Every structure is written in C-alpha cells, then in structure tokens.
Amino acid sequence: MSFGANLKKVFSQNIREYGMYIALFVIMAIFAVTTKGTFISARNISNLVNQMGYIAVLAVGMMLVIVARQIDLSVGFLAGFLGAVAAIAMTQWNLPVFIVIPMILVFGILAGLLTGFMVAQLKIPAFVASMAGWLAYRGLILLVTEATGTIIIPDETFNAIGNGFIPDFGGSFLPGIHKVSLLIGIIAIVAFIYNEIRSRNKKQAYGFEVLPTEMFIMKLVIISLLVGTISWILASYQGFSWTLVIVLIVAGVYDFVANKTIIGRHIYAVGGNPEAAELSGISVSKILYLVFGSMGMLAALSGILFASRLKSATTTAGNLFEMDAIAACYIGGVSAAGGVGKIMGAIIGALVMMSLQNGMQLMGTGISLQYVIRGLVLTAAVIFDVATRNRAK
Amino acid sequence: MATPILEMKGITKEFPGVKALSNVSFQVAENEIHCLVGENGAGKSTLMKVLSGVYPHGTYTGEILFNGKEQKFGGIADSEKAGIAIIYQEMALVPEMTVYENIFLGHEIGNGTVIDWDETIKQAGDMLKRVRLDVNPATKVKDLGVGKQQLVEIAKALSKNVKLLILDEPTSALNEDDCENLFKLLRELKQHGVTCVLISHKLKEVIGIADTVTVLRDGKTICTLDAKAGEVSESILIKHMVGREINNVYPPKDHKPSNEVVLEVKNWSAYNTVLGRTILKDVNFYVKKGEVVGFAGLMGSGRTELALSIFGNPDHYRISGELFLNGKKRTFHNPQEAIDAKIAYVTEDRKTDGLILIQDVKQNITLANLHEIANNGVVDNNAEVKVATGYRGELNIKTPTIEQKVGNLSGGNQQKVSLGKWLFVKPNVLILDEPTRGIDVGAKYEIYTIMTRLVKQGMSIIMISSELLEVLGMSDRIYVLSSGRITGELPIEEATQEKIMKLATD
C-alpha cells in the first residue's frame, strides 16, 4: 500500500481519536491568527497551562466516573468549598501548608465516598445524589466565607502551586532558557520513542496489527516535535510550572492505573457491562466507591490549585467547574454509554475548553458570546463523536 | 371445521443464520379456543409476532387472511385496527397509571386533543364488568396482583373491539385460582364472539380448555388436532412436540464419572424479594466428579435462578438450604467467593450478562481471573496475551487477532470466548446455562467436544438446557425442573424425550 493510502486508512480508522487533536490544533491556529500571535506567545502558553490545571485534574477524575456509567455534578462547588477550607485552615487555624494539603485531599476523598455511598449503597441515581451535593457545597462555601468574604491566602508555598515554576540549575549556561524544563522535555521524548518502539516490536512479535513503518515514524516525529516545541516555548519563558508538573503526575498515574492495573480493568468492565462484571466476581459497588472517592480527591486538588492560583478563596469559586470537566470528557471522546474513554482524552478536552476561554478573552470577546461559542463547540464535538461512532457500526 | 377467522399460509421467517419459521400454516376457526404448543424455540412466539405485525409485512414470506381478507400489517397498530390483540408474558401495562388510564392508553376517549375523563372512567367500568374484575378503575395498576393485572390487559384488548385475542403463556405467573378465573373468562368471551389463541407450556391446562390444538416443532407445523373430537391427550401432544430422531451429533461418551460427590445442594429454596414470589422450592441434587449433569425444564422453571443462587446469589434472593462443596458446608455471599471456591457459571445470555462486547477477546478471557496474570495489581500484558492465545487455540476461537472486539465475532465464537473466560478461573464445577443457544451446528459440536474433554480431566459440569436432545446426548444424569421444583431425576439409560417433557410440564 502506498503511503497516501495508508495515511487515509489509518486516519479513517482512528478519526475519533485524532479528531480532538485536530480540533485543538484548529482552535489554536485560529486564535494565533486572530490575536496576531499573542495566543501562542510563550507567556500566554505558560499562562494557559496554569489556567487549565484545575479543570484538567477534575476532567481526569470525571473521565473515570463517566466510564463507570455515572456522573458527578457536585465536584465544582466541592472544589470551591475545599479551597475555602484550605484558606481558613491556613489563615485562621494557622496550620502549616504541608498538613493542610493532605488534610484537604482526605476531606475530598470523604466527600467523594459520601456520594459513592448514596449511589452504590442507597442506589440513588448519581445525577440526583451529586446534584444534592452541588447545592449543599454551594451553601457551605457561602457559609464559611460569610464572615470574611474573600479570604486572602498569604502563604507563599501554597500560592506557588498555582503560580510558581520549578527551579532551574546550570547557571549561566544557555541564558534565558529554563534548562531543567528543557531537559525534562528531552527525557520525555526519548522515553516516549523508546516505549513506542518496544511496544511496537512486542505487538509485531505477537502478530498484532501495527501502524505501517512510515506512519509509525511520522507519529513519532509529530509527537516528539509537539512535546519538544511546547517544552521549548515554556523553557524560553519561565519553565514548567508546578501546576503543569502536578497535572502531568496526575495524568500519568491515572493513565497507568486505567490501562495497566486490575483496578483499571475492573472500572472499564463495570462501565462496559455491569451485569457481566458482577458475575465475573467484580464488586460493582466497590468500584463505584473507588471512582467517586478518586473524584472527590481530585476535586480537592482542583480546589487547591484554584485557590492557590488566585491566592485567595472566593465566594464563587468552583462555579461551573463540573460543567467544564464534563465537557472536556465529551470532547475527549468518552462514551455516554460507559466503558470507553481515555485519560489523555480528558486532558486534551480540558485544553480545548481552556484554549477557547483564554483565546476569546484575549480577543476581547464578550462573556455572553463566549458561553454561546463554548456551547457550540461542545455540540460540534458530540455530533462528530456520534457521527463517527455510527459510521464505525 | 367452522369458518376460519384466521388463516396463515406458508409463513416463512428467517433471521440471519436461522430459519425460525418454515412454511408454517395455521388456521383458527371463529369462536374457538385454539392452543398453540411446542418446545422453546419451536417458533410459537415468532409466529404470533408475524401475525400481530411486530415483524411487518415484507420481512416474512407467506399470506395472512383475517376475516377472509388478505392482511399486510405494517405494525401492531394495523393488526389492532383489524381486531387482533396480543397479551405477552410480561405485561405491557404502566404500573404507575390507574386502571382506566391503562385500559385506554393509546386510544384515549376525547375530541382528539383533550381527554374526556368522565367517559373514560365510565367505559373502563363497563370493560371491567365484562372481564368480571371488581376493582375501582382509579386503582393504580401496581397495586393489583398479577392475576388482576392480566384481566386489565384483557379489558384493554376488549376496549379495542378485539376479535382475536392472543395470550402468550398467560398462566406462567398465576396461581391456580387466578388460572381458573382466567379460563372461565376465556370461555365466556368465546360465547361473545371473541376467538382466542393460547400459547402454553402446561399441557394439562391445554387439554382442559382447548377446542383445537396446533403443534409446532422446529419452525414447522406438525399437526392440528381437534380436542372436541378427543384427539388430544398428554402423550399424543408430547410425542408430536418432541418427535425427533437422535442423530449422531454428539461426541462419543467414553468417560466415567467417579463416585466422589463434588457439589451437593440440600433443601434449597429461594425467594425473590423483588418479584415477591418463591422461585425455588426444596431443591435437592448432587454432582459427581467428572460427571455431566443435565438440568432440563421449560423456560421459567427456575433453572437459571438455581444456578445464580448457587453462584454467589448476585440477585440477592432470600435463600434457605445447605450447599456442600467437597463435603464441606459453604455459603457464598457474592460471585467472587464462588469463583474462589472454583465454581464457574457461563451465563445463559452472553450478550447481556456474559461478555463485555466493546472489549477485545483477551480482555474478556482474563476478566474473571486478572490476579493470575498480575504482579502487585499491575496486569502483565505478556502473560495476558499468552493466556488468551492459549485459549484461542484450545477452543478454536475464530478471530483475526485476540485484540478483536468480541462484539464483532459470530455467536459461536462469542460463546467460546465466554467459555474460555470461565475455564481460565480453572473451575472444578462448571455451570453451563444454555451452552449452545443461538449458535450453528458446527460450533455446537465443538462445544460438546470441549465439554467431553473437560469431564475426562475430572471437571464436573452442570448443563442447563432447553434442548432435550442436547440434554439426552450430553448428560450422564438428568434432573427435571418445573415451577422451581425438581420433578424428577433420570439416569441417562432411562431418560427419553417423552419422560422429560412429561416431568417438565408437570
């Protein structure tokens, strides 16, 4: 087969997966043009990555929730509420930050398990159970910030999570470039290429279908270029932010759990066919506790990232976060029927949602129009998904 | 025979790979009660679906004459307009609505937009009188017993001016009084010009009420018998229902079960709290090492429920009784515990609760025993591929690669994946629920061969099957279930199709 024909075949087979990358690319290209380059400036890309952190971690958790055929609407205000609790813990209870952060994460897990209890044990539909949480946490934010209003967080360490960058070494070598970030980028590329080649060889040894050689090389080149470019852009500004590091760790760990572990398999099995999963010895209710518990923990993390970024806890923190996270999952190719969805998809989806928000802000688009356009993009993503899915049948 | 109200001529209906009906003829005379009997899968329900327009004109070949006119129903609405109503086993009522709302659901009384509730309630009352049901029309359907719900269904049919009423297994969920009532009503309706077709498994009942009986077998009309002329008896019906020759489609039996009892169940009863009825009553049975024990019975006899109640009881029945595994008393609280005790259950319906169709062959095969191929909770992909490749070869699963989605495989190959999945838990007792349903002859033979191989290796197999020939061809011993009870145990030497059918319809 010729390269062109191969390209066409691989492309049409994987159109759903590639679709979101293309959408991201198109959106970024449009904003690059309409903002005369400001959108893709090093400063703005760095800013964009930091902005998307709190949605990206929520989207990762939400991905598993939706894969398991559930939904969690409570996480936006839960994030906001826990961010406020963190602020109070530091400013009023005078707890040190290294105690506050694990404590908030534990609170998040407990809140998630509560939703899990209602869904798994009391058999309340997740939509209703989490909507009750949505209302309750909304109220709780107002309650705890009632006396103070916005709580300013003075702790430097805490605020660095959402605003700081990883340190650099190497002194005067390559001035103006963040060497550690660049190095991490290069290591990531090498590791990626090594892994891909190894897994391809293994697959070939088993006689599985693999990409044709030219396509495979093309894929390696494109992704390496992408990672390299982003690393370079970030390195030429202030380097990788702590937020980016956290998002990458969360995404890495969740991707590993989802794809490589028994627990991951069980989650996808429950989403794919709960009856079959139960009869295969999988406790569906345990899995539900797990995905809601993890969701709660990530909501807490999201709250920390957001409060840290604003250096304060506000009364409206968390508003519509859950919707952005859910939208990110759908743009990232999750199936509403359950059992299908990738962690990487959630990250790309979050990036799409945040690029839209950031780009339109740069363009000076009115807030009203911003919502409408985000709605249209989400609709387009789902229409595309349904259309390609039907064609696959 | 009196003038026929219904004539179905040369009806053939094919599904991909299966001929469900082949040149079936079916004639019903006006004002009679006509019973349609046959084994599971004989084609009774398919025939009724053709008649009522569920399978519209054009999807089958043949002719339907109703009231002397040729009919080409495009849907249920058309057949209802012509005066045919069908009442299914599972009721088609809306539980949260009242009796009168249900009776006129879909053909409301009013001016086309606004419903005339007063008139609706009045007419509903008249209908209820006709079916001799003494309840307030404003009662919610969910508050009525099953027997009364059935009468509401009939009232609903009557409100549509039905001339031909079809009842599919109407008595399977009813107690004796309700049955008695229903039959009295059907005889009365007959006097008032309503012809009735009754599908039933219970032969005594059929003999009691039928004017005429038609027997279907393997999608063909076998005979139509005049009950009034005394042509019908239980043994005649059974003979026509099963009358097939056993041809040599089973691998030779060259294994011998040992005398060691592996699994024994004593005084086993189960109560389904959701449906609110007893589904198993005082069941006693045992299985020996290296033995194939067949469980025969008709649909709804409690075979699947028995298997589930043993296999960790995932539906949470209230169970009493004792279960012994290798002589030790055991209680399994969930399927995982049963799997840990080396019991495996291959489900009846691989698509709804057996396989994960959107996942690939290897993921399905390893699902129930991932620990075997994992280190510290991380699945070893190499080990997984080896396991899946092994079963693919051993069971001859025809798939391009083990990374193929199971939903893309044929029924027979799906069944083999399902079997592979459960063999991978390395069971001592393997429960197979309808192991060859919906798969072709070649794949069937392969499954039988695998079963024979497994028992030779010392595995014990419980095989639940509606196919009598399969039960007779594969089992070393047979239990027959009917209405949640074991009505008989037959050593294979004594078992015949007639004997099983008699016990199953007991």
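The values are calculated or read from the model by the stated rules, or taken from the named source; none is laboratory data. Predicted model only: the values in this text are computed from it and were never measured. So basically every Cβ, Gly included, is an ideal-geometry build from the backbone, and we count neighbours across all protein chains shown. These area figures cover heavy atoms from the full protein model, side chains too; ligands, DNA and RNA do not enter into them. Shrake-Rupley method; radii C 1.70, N 1.55, O 1.52, S 1.80 Å.
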Query raised in the report: Out of all the residues in region B:402-413, which are within 12 Å of another protein chain (Cβ to nearest Cβ) and either in contact with a His (Cβ under 8 Å, 6 or more places away or on another chain) or open to solvent by less than 50 Å² (accessible area, probe 1.4 Å) (or both)?
Result: B:Ile402, B:Gln404, B:Val406, B:Gly407
Report summary line: With criteria (1) without any contact (Cβ under 8 Å) to a residue 40 or more places away in the chain; (2) buried (at least 20 other Cβ atoms within 10 Å of the Cβ), B:Pro435 comes up short on (1)
**Report entry** Selected residue (only one of B:Lys69, B:Lys81, B:Lys9, B:Lys13 is under 15 Å from B:Ile166 (Cα atoms) and of a type outside the set (S, T, N, Q))
**Finding:** B:Lys81
Report task. From the list B:Gly68, B:Gly112, pick out the single residue that is at pLDDT below 90, loosely packed, with under 14 Cβ neighbours inside 10 Å, within 29 Å of B:Glu30 (Cα to Cα) and not acidic (Asp, Glu). Result -> B:Gly68
Report summary line: Flagged in region A:244-269 as open to solvent by less than 40 Å² (accessible area, probe 1.4 Å), touching a strand residue (DSSP E or B) at 6+ places or on another chain (Cβ under 6 Å) and part of a helix (DSSP H, G or I), in numbering order, are A:Ile262
Query raised in the report: Out of all the residues in region B:416-433, which are out of contact with any helix residue (DSSP H, G or I) (no Cβ under 6 Å at 6 or more places or on another chain) and in a helix (DSSP H, G or I)?
Result: B:Lys416, B:Leu419, B:Trp422, B:Leu423
Requested in this report: Evaluate region A:185-199: report whether one residue or more is over 22 Å from the mean Cα position of the chain (by Cα), in contact (Cβ under 8 Å) with a residue 40 or more places away in the chain and surrounded by fewer than 17 Cβ atoms within 10 Å (Cβ to Cβ).
Outcome: yes
Query raised in the report: With B:Ala374, B:Ala344 as the choices, which residue is modelled with pLDDT of 95 or more and either under 30 Å from the mean Cα position of the chain (by Cα) or crowded, with 18+ Cβ neighbours inside 10 Å (or both)?
Result: B:Ala344
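Within region A:325-338, is there a residue that is open to solvent by less than 60 Å² (accessible area, probe 1.4 Å), polar (S, T, N, Q) and not in a helix (DSSP H, G or I)? Spell out how you get there, then give the answer.
So the first thing to find is which residues in region A:325-338 are open to solvent by less than 60 Å² (accessible area, probe 1.4 Å), and the list is A:325-335, A:338.
Narrowing the set further to residues that are polar (S, T, N, Q) leaves A:335.
Still in the list and also not in a helix (DSSP H, G or I): A:335.
So far as region A:325-338 goes, yes, one or more of its residues are open to solvent by less than 60 Å² (accessible area, probe 1.4 Å), polar (S, T, N, Q) and not in a helix (DSSP H, G or I).
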Query raised in the report: Where in region B:289-390 are the helices (runs of 4 or more DSSP H), entirely inside, with at least 3 residues that are facing another protein chain (nearest Cβ under 8 Å)?
Result: B:335-340
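Here is a yes/no grid of residues against (1) away from chain B (no Cβ under 14 Å); (2) free of Cβ contacts under 8 Å to residues at least 24 places away in the same chain; (3) open to solvent by 20 Å² or more (accessible area, probe 1.4 Å):
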position: A:Val227; (1), (2), (3): yes, no, yes
position: A:Trp242; (1), (2), (3): yes, no, yes
position: A:Gly271; (1), (2), (3): no, no, no
position: A:Ala317; (1), (2), (3): yes, no, no
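Right, B:Val94: under 24 Å from B:Asp126 (Cβ atoms), at pLDDT 90 or above and of a type in the set (A, V, I, L, M) or not? Show your work before the answer.
Working: under 24 Å from B:Asp126 (Cβ atoms): yes; at pLDDT 90 or above: no; of a type in the set (A, V, I, L, M): yes.
No; evaluated as a whole, the condition is false for this residue.
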Query - Selected residue (only one of A:Ile304, A:Ile287 is open to solvent by less than 10 Å² (accessible area, probe 1.4 Å) and under 25 Å from A:Phe107 (Cα atoms)) - result: A:Ile304
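Does any residue of region A:298-307 turn out to be more than 9 Å from chain B (Cβ to nearest Cβ), under 28 Å from A:Val386 (Cα atoms) and in a helix (DSSP H, G or I)? So that I can check it myself, show each step before the final result.
Step one: list which residues in region A:298-307 are more than 9 Å from chain B (Cβ to nearest Cβ), which gives A:298-307.
Among the residues that remain, those that are also under 28 Å from A:Val386 (Cα atoms) are: none.
No, region A:298-307 contains no residue that is more than 9 Å from chain B (Cβ to nearest Cβ), under 28 Å from A:Val386 (Cα atoms) and in a helix (DSSP H, G or I).
Residues checked against (1) under 13 Å from the mean Cα position of the chain (by Cα); (2) closer than 28 Å to A:Ser46 by Cβ; (3) not assigned by TED's automatic domain parsing to the domain that holds A:Phe256:
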{"position": "A:Leu290", "(1), (2), (3)": "no, no, no"}
{"position": "A:Leu301", "(1), (2), (3)": "yes, yes, no"}
{"position": "A:Thr316", "(1), (2), (3)": "no, yes, no"}
{"position": "A:Gly341", "(1), (2), (3)": "yes, no, no"}
{"position": "A:Gly359", "(1), (2), (3)": "no, yes, no"}
{"position": "A:Thr365", "(1), (2), (3)": "no, yes, no"}
{"position": "A:Ala387", "(1), (2), (3)": "no, no, no"}
Report summary line: Exception for A:Leu174 within (1) assigned to a loop (DSSP other than H, G, I, E, B); (2) surrounded by fewer than 11 Cβ atoms within 10 Å (Cβ to Cβ) falls at (2)
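If the requirement is being open to solvent by less than 20 Å² (accessible area, probe 1.4 Å), of a type outside the set (A, V, I, L, M, F, W, C), over 25 Å from the mean Cα position of the chain (by Cα) and modelled with pLDDT of 90 or more, which of these qualifies: B:Thr389, B:Thr452, B:Thr399? Give the steps one after another, and end with the answer.
Working: B:Thr389 fails: open to solvent by less than 20 Å² (accessible area, probe 1.4 Å); B:Thr399 fails: modelled with pLDDT of 90 or more.
Within the list B:Thr389, B:Thr452, B:Thr399, the selection yields B:Thr452.
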Requested in this report: Within region A:201-225, count every residue that is open to solvent by 40 Å² or more (accessible area, probe 1.4 Å) and over 18 Å from A:Gly4 (Cα atoms).
Outcome: 10
Report summary line: So, first residue open to solvent by less than 70 Å² (accessible area, probe 1.4 Å) in region A:133-152, second residue aliphatic (A, V, I, L, M), Cβ within less than 6 Å, six or more apart or across chains; the pairs are A:Tyr137/A:Leu78; A:Ile141/A:Ala84; A:Val144/A:Ala84; A:Thr145/A:Ala84; A:Ile151/A:Ala87; A:Ile151/A:Ala313
Report task. Would you be able to say whether some residue in region A:346-360 is farther than 26 Å from A:Asp72 by Cβ and assigned to a helix (DSSP H, G or I)? Result -> yes
**Report entry** Qualifying positions in region B:445-461 - of a type in the set (S, T, N, Q) and under 19 Å from B:Val425 (Cβ atoms)
**Finding:** B:Gln457, B:Ser460
Query raised in the report: Can we say B:Met91 is under 26 Å from B:Lys129 (Cα atoms) and within 27 Å of the chain's Cα centre (by Cα)?
Result: yes
Requested in this report: Could you look through region B:431-463, keep only residues that are out of contact with any Asp or Glu (no Cβ under 9 Å at 6 or more places or on another chain) and within 14 Å of another protein chain (Cβ to nearest Cβ), and pick out the one that is farthest from B:Asp349 (Cα to Cα)?
Outcome: B:Ile431
Requested in this report: Answer with yes or no whether A:Ser280 is within 14 Å of chain B (Cβ to nearest Cβ) and hydroxyl-bearing (Ser, Thr, Tyr).
Outcome: yes
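Does B:Ala368 satisfy the condition of being surrounded by 15 or more Cβ atoms within 10 Å (Cβ to Cβ), small (Gly, Ala, Ser) and not assigned by TED's automatic domain parsing to the domain that holds B:Val261?
On the way: surrounded by 15 or more Cβ atoms within 10 Å (Cβ to Cβ): yes; small (Gly, Ala, Ser): yes; not assigned by TED's automatic domain parsing to the domain that holds B:Val261: yes.
Yes.
Quick check on A:Ser285: is it within 14 Å of chain B (Cβ to nearest Cβ), hydroxyl-bearing (Ser, Thr, Tyr) and either touching an Asp or Glu at 6+ places or on another chain (Cβ under 9 Å) or assigned to a helix (DSSP H, G or I) (or both)?
Details: within 14 Å of chain B (Cβ to nearest Cβ): yes; hydroxyl-bearing (Ser, Thr, Tyr): yes; either touching an Asp or Glu at 6+ places or on another chain (Cβ under 9 Å) or assigned to a helix (DSSP H, G or I) (or both): yes.
So A:Ser285 fits the description; yes.
When the residues of region B:434-444 are narrowed to those that are at pLDDT below 85 and not in a helix (DSSP H, G or I), which ends up farthest from B:Arg303 (Cα to Cα)?
Step one: filter region B:434-444 for residues at pLDDT below 85, giving B:437-444.
Narrowing further to those that are not in a helix (DSSP H, G or I): B:437-440.
On the way: B:Arg437: 15, B:Gly438: 18, B:Ile439: 20, B:Asp440: 23 Å.
Looking at residues that are at pLDDT below 85 and not in a helix (DSSP H, G or I), I get B:Asp440.
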